[in-house]
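Notes follow once the structure below has been shown.
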Amino acid sequence: MTTVRAFAAPSASDPLEPVTIERRDLGPRDVRIDIAYAGVCHSDIHTVRGEWGPQTYPLTVGHEIVGTIAAVGAEVASHAVGDRVGVGCMVNSCRECENCRAGFEQYCLDGFVDTYGAVDRDGTITQGGYSQAVVVDEHFVLRVPEAIPFDRAAPLLCAGITTYSPLAHWRTGPGTRVAVVGFGGLGHMGVKIAAAMGAEVTVLSQSLRKKDDALALGADHYFATSDPDTFRTLRNSFDLILNTVSAPLDVEAYLRLLALDGTMVNVGAPPEPVGVRMFTLFTNRRSFSGSTIGGIRETQEMLDFCAEHGIAPEVEMIAASEINEAYERVLSSDVRYRFVIDIATL
């Protein structure tokens, strides 16, 4: 075992604090990554505060990780010391079920192993990227193209793939009308990626406060959902609605914005159940769906797409000592548009 510095939550209610955690010794197919940057995801906050279920504390979160490979196991063939790499929301899966073999490890029938807060193959609880280093099976390590600025790459490993996967699955392209609900860490990536795919992109946000940013980052239109006229004006307008918010919504009001055979896909995860009347779906043959991250092959595809199209997240760099303040700012939607921790400050 190797001991590294980290930031961890001691409980569901206490602030995160500096700690040391242990990383396993290299197995034959493992790589050790010296972490350079780690993104702050809303999921981190949900998890450490126990909003998605009980956790084992202390817990180090962070599943938007980029760094440099420091060491490789004897049988590692796909990565080498010195490579720029990333790790996202999962660090293992069964790799034997139908979904895994098809490249959809995120839908592993046995459940994939989360980067933090999950039982790892050695029986320990996984600890995430708010730390100096991590040891990961090579299969779950991604190549970060040189064209992507390293200090902005980390959020692509969650926010990037979480929005890219449904946009790609529902064949977003020229002629597709896409609405992105929410313009935060996920939403701003959804806009950039959908625009690069050639779609006509509309942002639906509570107020007009972020309109200039959204239009500058690729949106064609922007409407405030606090204005009742928005839902009348846009009825039957969209082929795909990408809902990125984790707060309760009037789902049926958004479903009515779908054109024939349109789909509303949810990537945000509010803790409360969501109810939909079937007659709302019957009209226009609408679909109501969900999507989570992406498999390893698709995540690499996303990174390569972003490199090709010059896409990177908009970030605010913070020191480790600012993590708790950053959490409060995320909850008040006061970030443009993703916090990234400079791990050198641990």
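Laboratory data are not the source of any read-out in this text; all were calculated from the coordinates shown. This is a predicted model, so every value here is computed, not measured. For neighbour counting, all protein chains shown are included, and Cβ atoms are generated from backbone atoms with ideal geometry for every residue, glycine included.
Would you mind ranking VAL113, VAL31, VAL134, VAL267 by Cβ crowding within 10 Å, fewest neighbours first?
Details: VAL113 20, VAL31 26, VAL134 29, VAL267 23.
Neighbour counts put them in this order, fewest first: VAL113, VAL267, VAL31, VAL134.
Please list, ordered by chain and number, the residues whose modelled amide H lies under 5 Å from the amide H of GLU314; skip anything fewer than 5 residues away on the same chain.
TYR337
Considering only DSSP beta bridges with both partners in the range 160-290, what is the antiparallel share in %, to the nearest 5?
Of all bridge pairs located within the range 160-290, approximately 0 percent are antiparallel.
Where the centre of each part is set by its Cα atoms, how far does the range 203-235 sit from the range 247-288, in angstrom?
Using only Cα atoms to place each centre, the spacing works out to 18 Å.
How much of the DSSP beta bridge set in the chain is antiparallel, as a percent to the nearest 5?
Within the chain, antiparallel bridges account for around 55 percent of the total.
To make sure I understand, if each residue's beta carbon is the centre and we count other beta carbons within 10 Å, what order do GLU252, GLU272, GLU298 fall in, fewest to most?
Details: GLU252 14, GLU272 7, GLU298 19.
If I rank by nearby Cβ atoms, fewest first, I get GLU272, GLU252, GLU298.
Hey, with R₀ at 35 Å, roughly what FRET efficiency would ALA70 and ALA319 work out to, going by the Cβ-Cβ distance, to 0.05?
Rounded to the nearest 0.05, the efficiency is 0.95.
Which ordering of ARG232, ARG297 is given by a fewest-first count of other beta-carbon atoms within 10 Å? If you can, show how the numbers build up before the last one.
Numbers: ARG232 9, ARG297 12.
So the residues, fewest neighbours to most, are ARG232, ARG297.
Once every Cα of the range 160-290 carries one equal point scatterer and solvent is ignored, give the base-10 log of I(q)/I(0) from the Debye formula at q = 0.11 Å⁻¹, two decimals.
Rounded to two decimals, the profile gives -0.32.
At 0.36 nm per residue, and after removing the present C-alpha to C-alpha distance, how many nm does the segment from PHE282 to THR124 gain when stretched out fully?
52.2 nm
Give me the extension gain from ARG101 to ARG5: residue separation times 0.36 nm, minus the current Cα-Cα distance, reported in nm with one decimal.
Working: separation 96, 0.36 × 96 = 34.56 nm, distance 3.57 nm.
That works out to 31.0 nm of additional length.
Computed FRET efficiency, Cβ-Cβ of ARG336 and HIS221, R0 22 Å: what is it to the nearest 0.05? Please list the in-between numbers first.
Values: r = 20 Å, r/R0 = 0.93.
Here the calculated transfer efficiency is 0.60.
What residues have an amide H closer than 5 Å to that of SER237, excluding those fewer than 5 places away on the same chain, when H is modeled at 1.01 Å from N in the peptide plane?
Residues meeting the amide H criterion: LEU258, ALA259.
List the relative contact order of the chain as a percent without decimals, with contacts defined as Cα pairs under 8 Å and 6+ residues apart.
Dividing the mean separation by the residue count of the chain yields 18 percent.
Using amide H atoms built 1.01 Å from N in the peptide plane, name the residues 5+ places from ILE125, or on other chains, whose amide H lies under 5 Å from its own.
ASP120
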